[in-house]
1. Is there a residue being without any contact (Cβ under 8 Å) to a residue 12 or more places away in the chain, assigned by TED's automatic domain parsing to the domain that holds Pro32 and not in a loop (DSSP other than H, G, I, E, B) anywhere in segment 74-86?
2. In this structure, does Leu12 turn out to be of a type outside the set (Asp, Glu), surrounded by 12 or more Cβ atoms within 10 Å (Cβ to Cβ) and without any contact (Cβ under 8 Å) to a residue 24 or more places away in the chain?
3. Step by step: first the residues of segment 76-95, then only those that are under 18 Å from the mean Cα position of the chain (by Cα) and farther than 19 Å from Met17 by Cβ, then the one that is surrounded by the fewest Cβ atoms within 10 Å (Cβ to Cβ). Which residue is that?
4. Scan segment 11-50 residue by residue and report those that are outside any strand (DSSP E or B), at pLDDT 90 or above and under 21 Å from Leu65 (Cα atoms).
5. Among the numbered criteria (1) out of contact with any Lys or Arg (no Cβ under 8 Å at 6 or more places or on another chain); (2) over 25 Å from Glu10 (Cβ atoms); (3) modelled with pLDDT under 85; (4) not in a helix (DSSP H, G or I), which single criterion is violated by Phe89?
6. Out of (1) assigned to a loop (DSSP other than H, G, I, E, B); (2) of a type in the set (Phe, Trp, Tyr); (3) under 29 Å from Glu9 (Cβ atoms), the odd one out for Tyr63 is which?
Amino acid sequence: MISQKDEAEEELQSTTMALFVFRDNSSLLHQPRDIGIIIDGVEVLNELPSVAAGVAMVFGLCYALNMEYPRGFRFTFEALQKIMMELDFNKMTSKIHKLNCELNTAQ
């Protein structure tokens, strides 16, 4: 019988880039058993202290390895990078610039 962990690990092996969180049960109230990062199906980091640290590490790995953001998440990553983290703020695509203007006028 295949466990949920085995199924998750199989799926992660075919993943381009992912931040994973393994929990012993489904409750979000309990601490995760492991938080890590997968790139091209290979676990490159694990035992991270938090999901926030994992997100920061994903950005660091993208810069250090000179990687492009995954296609489906390109604008999500760019919005996080440019708007939230204020990195390369003056080099936004038109979509992200429009979103930033809309967020600023909503405040």
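The values are calculated or read from the model by the stated rules, or taken from the named source; none is laboratory data. All of these numbers come straight from a predicted model, not from anything done at the bench. Here Cβ is always computed from backbone atoms with ideal geometry, including for glycine, and neighbour counts include all displayed protein chains.
1. Looking for residues that are without any contact (Cβ under 8 Å) to a residue 12 or more places away in the chain, assigned by TED's automatic domain parsing to the domain that holds Pro32 and not in a loop (DSSP other than H, G, I, E, B), one finds none in segment 74-86, hence no.
2. no
3. For segment 76-95, the residue satisfying everything is Glu86.
4. Asn46, Glu47, Leu48, listed by residue number.
5. With (1) out of contact with any Lys or Arg (no Cβ under 8 Å at 6 or more places or on another chain); (2) over 25 Å from Glu10 (Cβ atoms); (3) modelled with pLDDT under 85; (4) not in a helix (DSSP H, G or I) applied to Phe89, the lone miss is (1).
6. (1)
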